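Peer 1: Here it is: the structure, laid out below.
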Amino acid sequence: MSMLGIKWKLHGTGKSIRPGHVVAPDERLAWPLTIGVGMQHVVAMFGATFLVPIITGMPPATTLFFSGIGTLLFLVITRGRVPSYLGSSFAFIAPIMASQQQFGVPGALGGVVMAGAALALVGAIVQKFGAGWINRLMPPIVTGAIVALIGLNLAPAAKQNFDAAPVTAVVTLATIILVSVLFRGILGRLSILVGVVVGYLVAMLRGEVSYDKMEAAAWVGLPQFQTPEFHVGVLGLFVPVVLVLVAENIGHVKSVAAMTGQNLDGVSGRALMADGAATVLAGFGGGSGTTTYAENIGVMAATKVYSTAAYWVAGVFAILLSFSPKFGELIATVPPGVLGGAATMLYGMIGILGVKIWVQNKVNFSNPVNLTTAAVALIVGIADYTWTIGDLKFTGIALGSAAALVIYHGMKAIAKARGTVAEPETEHAGLPPEAKAAAKRSPKKR
């Protein structure tokens, strides 16, 4: 049982958390409390996970089913050491929508499967050789650029939905903004879900919601499964997603390690393999690609409960919900205006996450290699440059990601050979100790 990560010790009396302590991944509270925390995790992931299939036209119930299955698979493969919920990855939105236009839903699912298989392969390599090579291949300037351009590439899709019902979209967006600053704790972290609910109510009052399909659906039934088709033409769309998923997963493992005080470097590869396997499974059945969820990190930070038992409850609860076609059709009634308001925030957040990577790692943009890498990659991604070679079609995300990698490593190699770049890659990285101290002492301008 311990090999599967389902053997938990009771934390204290199981009724409370000792002061200054956290409920570790291999511990649990009493089952009633654990079930409550697990259901809270489902609520936390709900808004974001459902937005992906709604935006891409995939069946919401199927996505929920595979997110639950993927979560349980993740817990087994990581042997219960990494608490995480696997929800829909926003990084898949752009490639799924682009591939659907050319190859339909089956072609998009084939791309999801290939991305998952590539991620699992990367995980196997990381488990064998460590993650150092990833950091060398994708330093912060490259990772940040790729994450940013994936989010900003979706701006036209957000505008299209926004224009469909501007009033509803504005109310949805305004609610998300206000809730995030008006409330603390879990409610503040669920600002997107609250915004979608409020926007949905406004859309109902404005007659923008249709319940025809929901009324015809059964209360209990199987999710709608679909099989993939494989086309070489989608490779260029989905390969960049793998780079983002690698960054997200490793970041998640590091965050959990920091919060629990445990060294989880030894399971980074397993986490990547688990997410890859879950994504492959979802692609073969009609679900969206998965990733570890920051929303659930917020729940853990708020509750101090990192028990994987709560995630087993969350996974099972998600699977049970997916067996209600009526529930799935209800989720699918979310109108374009609500999606436009929420997507304006979500896509922008993805873009800013890339900027956050630069800021946290103190990327120095006085260095021409960093500046050029980011500048070219972002324009290629935002403008959605396209390059077609036979059956292969490379769009802005693929070309922008390739540009970031080629420009960074190419310029760095040339500059090193010529000795032409004196600026450090990170701020203060190349300064002597006295200069670093002086920089810290210097007063900030107000």
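Peer 1: Run down VAL239, VAL232 and say which single residue is closer than 17 Å to ILE397 by Cα, open to solvent by 80 Å² or more (accessible area, probe 1.4 Å), modelled with pLDDT of 80 or more and touching an Asp or Glu at 6+ places or on another chain (Cβ under 6 Å).
Peer 2: Going through VAL239, VAL232 in turn, the sole match is VAL232.
Peer 1: Being open to solvent by 40 Å² or more (accessible area, probe 1.4 Å), over 28 Å from ALA282 (Cβ atoms) and either in a helix (DSSP H, G or I) or among the small types (Gly, Ala, Ser) (or both): is that true of LYS128 here?
Peer 2: Numbers: open to solvent by 40 Å² or more (accessible area, probe 1.4 Å): yes; over 28 Å from ALA282 (Cβ atoms): no; either in a helix (DSSP H, G or I) or among the small types (Gly, Ala, Ser) (or both): yes.
No: the conditions fail for LYS128.
Peer 1: Report, by residue number, each residue of region 38-67 that is buried (at least 22 other Cβ atoms within 10 Å of the Cβ), more than 16 Å from the chain's Cα centre (by Cα) and over 30 Å from GLN100 (Cα atoms).
Peer 2: GLY38
Peer 1: Would you pick out the residues in region 253-274 that are part of a helix (DSSP H, G or I), open to solvent by 10 Å² or more (accessible area, probe 1.4 Å) and of a type outside the set (Asp, Glu)? Break it down stepwise before answering.
Peer 2: First, the residues of region 253-274 that are part of a helix (DSSP H, G or I): 253-260, 265-274.
When the remaining residues are screened for being open to solvent by 10 Å² or more (accessible area, probe 1.4 Å), the result is 254-255, 257-260, 265-266, 268, 270, 273.
LYS254, SER255, ALA257, ALA258, MET259, THR260, GLY266, SER268, ARG270, MET273 - these are the residues of region 253-274 that are part of a helix (DSSP H, G or I), open to solvent by 10 Å² or more (accessible area, probe 1.4 Å) and of a type outside the set (Asp, Glu).
Peer 1: Follow-up. How many residues, within region 131-155, are assigned to a helix (DSSP H, G or I), in contact (Cβ under 8 Å) with a residue 60 or more places away in the chain and not β-branched (Val, Ile, Thr)?
Peer 2: Selection size over region 131-155: 9.
Peer 1: Moving to a separate point now. Would you be able to tell me the number of residues in region 9-34 that are free of Cβ contacts under 8 Å to residues at least 60 places away in the same chain and touching a Phe, Trp or Tyr at 6+ places or on another chain (Cβ under 9 Å)?
Peer 2: Residues in region 9-34 being free of Cβ contacts under 8 Å to residues at least 60 places away in the same chain and touching a Phe, Trp or Tyr at 6+ places or on another chain (Cβ under 9 Å): 1 in total.
Peer 1: Only one residue in ALA148, ALA169 is at pLDDT below 90 and open to solvent by less than 40 Å² (accessible area, probe 1.4 Å), so which one is that?
Peer 2: On the way: ALA169 fails: at pLDDT below 90.
Only one candidate passes the filter, namely ALA148.
For every residue, the table says whether it meets (1) modelled with pLDDT under 85; (2) more than 23 Å from LEU330 (Cα to Cα).
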position: ILE17; (1), (2): yes, yes
position: HIS21; (1), (2): yes, yes
position: THR34; (1), (2): no, yes
position: VAL42; (1), (2): yes, no
position: ALA48; (1), (2): yes, no
position: PRO53; (1), (2): no, no
position: PRO59; (1), (2): no, no
position: THR63; (1), (2): no, no
position: GLY68; (1), (2): no, no
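Peer 1: Somewhere in region 89-110, is a residue on the phi > 0 side of the Ramachandran plot and more than 14 Å from the chain's Cα centre (by Cα)?
Peer 2: For region 89-110, residues on the phi > 0 side of the Ramachandran plot and more than 14 Å from the chain's Cα centre (by Cα): present.
Peer 1: Still on this structure, please answer the following. (1) at pLDDT 90 or above; (2) closer than 14 Å to LEU245 by Cα; (3) surrounded by fewer than 24 Cβ atoms within 10 Å (Cβ to Cβ); (4) aliphatic (A, V, I, L, M): which one isn't true of VAL105, the others all being true?
Peer 2: (2)
Peer 1: Pull out all pairs, ordered by first then second residue, where Cβ-Cβ is under 6 Å, the residues are six or more apart or on different chains, the first lies in region 165-182 and is in contact (Cβ under 8 Å) with a residue 24 or more places away in the chain, and the second is buried (at least 19 other Cβ atoms within 10 Å of the Cβ) and not in a helix (DSSP H, G or I).
Peer 2: ALA165/GLU208
Peer 1: Looking at region 184-200, I want the residues that are at pLDDT 70 or above and have a partner that is of a type in the set (Gly, Ala, Ser) and open to solvent by 40 Å² or more (accessible area, probe 1.4 Å) with Cβ atoms under 7 Å, at least 6 apart or on another chain. Which pairs are those?
Peer 2: Hits for this filter: SER191/SER180.
Peer 1: In region 347-378, what residues are touching a residue at least 12 places away in the same chain (Cβ under 8 Å), β-branched (Val, Ile, Thr) and open to solvent by 80 Å² or more (accessible area, probe 1.4 Å)?
Peer 2: ILE352
Peer 1: For region 385-427, which residues satisfy the criterion of being under 24 Å from LEU237 (Cα atoms), of a type in the set (D, E, K, R) and buried (at least 18 other Cβ atoms within 10 Å of the Cβ)?
Peer 2: Correct list: LYS393 only.
Peer 1: If only one of GLY381, GLY337 is part of a helix (DSSP H, G or I), of a type in the set (Gly, Ala, Ser) and under 22 Å from the mean Cα position of the chain (by Cα), which one is it?
Peer 2: Values: GLY337 fails: under 22 Å from the mean Cα position of the chain (by Cα).
Sole residue among the options that is part of a helix (DSSP H, G or I), of a type in the set (Gly, Ala, Ser) and under 22 Å from the mean Cα position of the chain (by Cα): GLY381.
Peer 1: Here's another thing I want to ask about it. Name, by its number, the condition in (1) without any contact (Cβ under 8 Å) to a residue 12 or more places away in the chain; (2) buried (at least 24 other Cβ atoms within 10 Å of the Cβ) that does not hold for TYR85.
Peer 2: Only one criterion in (1) without any contact (Cβ under 8 Å) to a residue 12 or more places away in the chain; (2) buried (at least 24 other Cβ atoms within 10 Å of the Cβ) is unmet by TYR85, namely (1).
Peer 1: Take the residues of region 88-106 that are among the small types (Gly, Ala, Ser) and touching a Phe, Trp or Tyr at 6+ places or on another chain (Cβ under 8 Å): which is nearest to ILE54 (Cα to Cα)?
Peer 2: Among those that are among the small types (Gly, Ala, Ser) and touching a Phe, Trp or Tyr at 6+ places or on another chain (Cβ under 8 Å), it is SER88.
The values are calculated or read from the model by the stated rules, or taken from the named source; none is laboratory data. A quick note: this is a predicted structure, and the numbers were derived from the prediction, not measured. For neighbour counting, all protein chains shown are included, and Cβ atoms are generated from backbone atoms with ideal geometry for every residue, glycine included. Side chains are part of the model used for accessible areas, which takes the heavy atoms of the whole protein and leaves out ligands, DNA and RNA. Shrake-Rupley method; radii C 1.70, N 1.55, O 1.52, S 1.80 Å.
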